[in-house]
Amino acid sequence: MKAISALALFLCLLTVAAARPAAAGEGAIQGRVELKDESGTVRPGMFLKIFLTREKIPTGPHESLADKKKPEAIDAIISLHVDFYKNLLEKRAMKDFMAGDAESRADGTFLFERVAPGDYHIVIAFPSMIRTRKVAWQVPVHVKSGKTAHVTLNGGNMALPTYRR
């Protein structure tokens, strides 16, 4: 029984330590990806590739989709997502553009540890989906020395319009 209690205590301490910056001069970013579906249920962004960039990626012009018929609007949204992904790929090859990458867990949470203080962008791009919705984010985050920045990616801060497949 004591061995189980000791193991449980160790795991709790390990979990707390994992959410803290590794060194006094570094910080961390802890976040969650989520999207409400048509019924209002919040769905986590499970197992999405998340990039931490030092610069913003151009998203291209957002034209009005209200005047377009559904197939034309979906084509326009797909083009925006593909162009955003191409811009990410081009920038990834540049020196010092990428600061890190992570994958969200089943509950939509993610963590970047040992991040130097400064300004970054959390980026999720094509071909990412939550349920049947194409998603893309580019959210700024500021990291301070010895602190953990918290960020939530949701329907209110998406980089591009979404659509249902």
Counting only residues in region 61-87 that are among the small types (Gly, Ala, Ser) and loosely packed, with under 15 Cβ neighbours inside 10 Å, the one modelled with the lowest pLDDT is identified as ALA66
Do we find that ASP107 is under 14 Å from the mean Cα position of the chain (by Cα) and open to solvent by 60 Å² or more (accessible area, probe 1.4 Å) in this structure? yes
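One residue is enough: does region 88-98 have a residue meeting the conditions out of contact with any helix residue (DSSP H, G or I) (no Cβ under 7 Å at 6 or more places or on another chain), closer than 20 Å to ARG43 by Cβ and either crowded, with 18+ Cβ neighbours inside 10 Å or not acidic (Asp, Glu) (or both)?
No; the residues of region 88-98 include none that is out of contact with any helix residue (DSSP H, G or I) (no Cβ under 7 Å at 6 or more places or on another chain), closer than 20 Å to ARG43 by Cβ and either crowded, with 18+ Cβ neighbours inside 10 Å or not acidic (Asp, Glu) (or both).
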Checked GLY100, GLY40 against criteria (in a strand (DSSP E or B) and free of Cβ contacts under 8 Å to residues at least 60 places away in the same chain); the one match is GLY100
Which numbered condition ARG131 misses (of (1) touching a strand residue (DSSP E or B) at 6+ places or on another chain (Cβ under 7 Å); (2) farther than 21 Å from LEU65 by Cβ; (3) modelled with pLDDT under 95): (2)
Selection count, region 43-100, where residues are among the polar types (S, T, N, Q) and within 29 Å of PRO117 (Cβ to Cβ): 3
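Take the residues in region 110-165 that are in a strand (DSSP E or B) and basic (Lys, Arg), then tell me which one is most open to solvent (accessible area, probe 1.4 Å).
Once the filter is applied, the top-ranked residue is ARG114.
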Matching option when the condition is without any contact (Cβ under 8 Å) to a residue 24 or more places away in the chain, assigned to a loop (DSSP other than H, G, I, E, B) and either under 25 Å from TYR163 (Cα atoms) or in contact with a helix residue (DSSP H, G or I) (Cβ under 7 Å, 6 or more places away or on another chain) (or both), among ASP107, ASP67, ASP75: ASP67
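The values are calculated or read from the model by the stated rules, or taken from the named source; none is laboratory data. Note that the coordinates shown come from a computational prediction; the quantities given were computed from them, not determined experimentally. Cβ sites come from the backbone with ideal geometry, for glycine too, and all protein chains shown count toward neighbours. Note: areas computed on protein heavy atoms with side chains; ligands, DNA, RNA excluded. Shrake-Rupley method; radii C 1.70, N 1.55, O 1.52, S 1.80 Å.
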